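In what follows, a single structure is set out as structure tokens and then discussed.
The values are calculated or read from the model by the stated rules, or taken from the named source; none is laboratory data. Nothing here was measured: the structure is a model prediction, and the numbers come from that model. Because the Cβ atoms are built from the backbone with ideal geometry, glycine has one as well, and the counts that use them run over all protein chains shown.
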Amino acid sequence: MSVALAVGCAAGSAACFGLASALQHAQAGLVQKRGPLDPALLGSLARRPAWLASWPLELTAIVLQALALRWGAVTLVQAVIVAGLPVAVVVAALLARRRLALAELIGVVACCGGILLVLAGLARVSARSASPDAPPSAVAVVVLVALGGALLVAAREWTRGAGAMTGAAAGVAAGAAAVPLAVAVRGLSGSGLGVLLGWSPWLALAAGTLGLLLSQAAFQHGSIGAPLAALTVVEPVVGAVLAAALLRAPLAHGVHGWAELVAGAVVAAGGVVLLAPSAAVETPV
């Protein structure tokens with residue numbers, strides 16, 4: 001039952017994230033372009049009612065993700081979040097009043113089919129895991145900061161791929177937020193609001209805010225396709241690796257489970273590749 005609840009909440013979160021991303025992208029290109037770490041970008045967007053209209057969806061997505069992490073493993077929940085990309089593609093097509101192309105249909109089916117295979121491999125992974133130890137956590141923070149910084153440097157040097165590189169950096173931040181969020185929501189059952197005195201909710205908030213800023217900066221680089229595809233691929237990978245390293249959460253059980261996990265990841269990645277250019281169709285404002 002807990003796995004079904006986790007998958008249901010994660011699917012709802014993915015749908016809300018996809019809808020919010022499509023709406024936010026339409027507004028990000030209408031304000032002054034700023035650096036990826038310039039908080040003034042969020043200030044400019046906050047003055048646009050159409051961008052603010054995406055926030056009920058964004059907040060709903062966050063709440064549903066938190067509930068999913070309460071009942072399911074981080075790896076399970078992050079795998080389902082990939083479904084946000086096909087949702088964004090379908091919404092973009094609807095807003096543009098056009099039909100889905102064949103490549104888009106294949107991409108949507110591949111993403112969904114791949115996610116189902118991944119879920120089959122992850123369904124037996126327990127949501128219960130140990131609290132992260134301080135030394136590995138410190139190392140993880142250093143590695144993630146270095147990785148995100150390298151991606152932003154690449155975005156500055158490689159203008160053509162700036163959107164994808166910045167989107168990947170946003171994926172690093174969003175994926176990093178999943179582990180402390182999981183620790184925080186599972187701590188509610190034991191200490192209630194006392195969990196706010198710990199590090200986990202504030203680290204999740206900081207990483208999530210950074211991910212939001214970077215995603216909006218990525219959306220300023222033309223189409224939504226490459227940035228959102230990069231974010232979609234990087235976020236679950238970072239979340240799964242961190243969960244395995246810090247929470248000692250197994251990725252899969254047995255040869256059969258690993259086969260399903262790898263096959264599903266390959267199929268879903270193929271769907272993401274197909275959807276990246278097709279999601280590039282601009283949505284009317």
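Quick one: residue 45 ticks every box in (1) of a type outside the set (Phe, Trp, Tyr); (2) in contact with a Phe, Trp or Tyr (Cβ under 6 Å, 6 or more places away or on another chain); (3) assigned to a loop (DSSP other than H, G, I, E, B) except a single one, so which number is it?
(3)
If residue 222 meets every condition in (1) surrounded by fewer than 19 Cβ atoms within 10 Å (Cβ to Cβ); (2) part of a helix (DSSP H, G or I); (3) touching a helix residue (DSSP H, G or I) at 6+ places or on another chain (Cβ under 7 Å) apart from one, which number is that one?
Only one criterion is unmet by residue 222, namely (2).
For the range 63-83, enumerate the residues that are crowded, with 24+ Cβ neighbours inside 10 Å, among the small types (Gly, Ala, Ser) and modelled with pLDDT of 85 or more.
Result: 68, single match.
Looking at the range 148-168, can you tell me whether even one residue there is at pLDDT below 75, closer than 18 Å to residue 209 by Cβ and either of a type in the set (A, V, I, L, M) or in contact with a strand residue (DSSP E or B) (Cβ under 7 Å, 6 or more places away or on another chain) (or both)?
Checked against the condition, which is being at pLDDT below 75, closer than 18 Å to residue 209 by Cβ and either of a type in the set (A, V, I, L, M) or in contact with a strand residue (DSSP E or B) (Cβ under 7 Å, 6 or more places away or on another chain) (or both), the range 148-168 yields no hits at all.
When the range 159-182 is examined, which residues are found to be of a type in the set (Val, Ile, Thr) and buried (at least 24 other Cβ atoms within 10 Å of the Cβ)?
Quick first cut of the range 159-182, residues of a type in the set (Val, Ile, Thr) only: 159, 166, 172, 179.
166, 172, 179, listed by residue number.
Say whether the condition of being at pLDDT 70 or above and either touching a strand residue (DSSP E or B) at 6+ places or on another chain (Cβ under 6 Å) or surrounded by 14 or more Cβ atoms within 10 Å (Cβ to Cβ) (or both) is met by at least one residue in the range 127-135.
Just the residues of the range 127-135 that are at pLDDT 70 or above, to begin with: none.
No.
Report yes if some residue within the range 185-194 is at pLDDT 80 or above, closer than 22 Å to residue 82 by Cα, out of contact with any Ser or Thr (no Cβ under 8 Å at 6 or more places or on another chain) and crowded, with 20+ Cβ neighbours inside 10 Å; otherwise report no.
Checked against the condition, which is being at pLDDT 80 or above, closer than 22 Å to residue 82 by Cα, out of contact with any Ser or Thr (no Cβ under 8 Å at 6 or more places or on another chain) and crowded, with 20+ Cβ neighbours inside 10 Å, the range 185-194 yields at least one hit.
Quick check on my filter: what residues within the range 1-17 are at pLDDT 90 or above and either of a type in the set (S, T, N, Q) or under 14 Å from the mean Cα position of the chain (by Cα) (or both)?
Matches in the range 1-17: 10, 11, 12, 13, 14, 15, 16, 17.
Just checking, which of 105, 59, 42, 23 is modelled with pLDDT under 90 and under 30 Å from residue 149 (Cβ atoms)? If you could, list the steps in order and put the result at the bottom.
Details: 105 fails: under 30 Å from residue 149 (Cβ atoms); 59 fails: modelled with pLDDT under 90; 42 fails: modelled with pLDDT under 90.
Result: 23 is the single residue among 105, 59, 42, 23 that is modelled with pLDDT under 90 and under 30 Å from residue 149 (Cβ atoms).
Please go through the range 24-42 and pick out each residue that is closer than 25 Å to residue 181 by Cα and either of a type in the set (Val, Ile, Thr) or surrounded by fewer than 21 Cβ atoms within 10 Å (Cβ to Cβ) (or both).
Correct list: 37, 38, 39, 42.
Name the residue that is nearest to the chain's Cα centre (by Cα), counting only residues in the range 49-83 that are in a helix (DSSP H, G or I) and of a type in the set (Ser, Thr, Tyr).
Here is the first cut: in the range 49-83, the residues in a helix (DSSP H, G or I) are 49-52, 55-71, 74-81.
Restricting the remaining residues to those that are of a type in the set (Ser, Thr, Tyr) gives 60, 75.
Numbers: 60: 14, 75: 12 Å.
Here the answer is 75.
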